[in-house]
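S.K.: The structure that follows is given in the form of structure tokens.
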Amino acid sequence: MPKSACFPPMEIADFIAHTCGAQARVMRQGKAKERKDFKVIFKSINEKLTSFMHITNIKYSDA
């Protein structure tokens, strides 16, 4: 599916994947800082719920 399709579930998956990659780069560079977007996705809820996060469904409305 091309990015130009702007399919909402793909946009969410893309955001999560890029957030993980960006945080990995920060950690690899030895910076102690956590990115704000990474905190929102993975640290804003109980760690037990995100340690094995697996997204199986995304609901959206095109209204």
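Just so you know, all these numbers are worked out from the coordinates, no wet-lab data involved. All figures in this text were calculated on a predicted structure; none of them were measured in a lab. We place every Cβ from the backbone using ideal geometry, glycine too, and count neighbours over all the protein chains shown.
S.K.: Tell me, C6, C20 in order of fewest to most beta-carbon neighbours within 10 Å?
M.R.: Sorted ascending by nearby Cβ count, the order is C6, C20.
S.K.: Is segment 3-50 best put as rounded, prolate or oblate by its Cα gyration tensor, with a ≥ b ≥ c the root eigenvalues, rounded for a/c under 1.5, and otherwise prolate when a/b is larger than b/c, oblate when not?
M.R.: Cα axes put segment 3-50 in the oblate bin.
S.K.: So, one more: Straight-line reach from K33: which lysines fall under 18 Å, measuring Cα to Cα and dropping same-chain residues less than 8 apart?
M.R.: The qualifying lysines are K43.
S.K.: Using a 7 Å offset from the Cα along the Cα-to-Cβ direction at both I12 and K36, what is the distance between the two label points in nm, to one decimal?
M.R.: Those two pseudo-labels are separated by 2.3 nm.
S.K.: For R25 and K48, what is the calculated FRET efficiency with R₀ set at 30 Å and r taken between the beta-carbons, to the nearest 0.05?
M.R.: E between R25 and K48, to the nearest 0.05, is 0.70.
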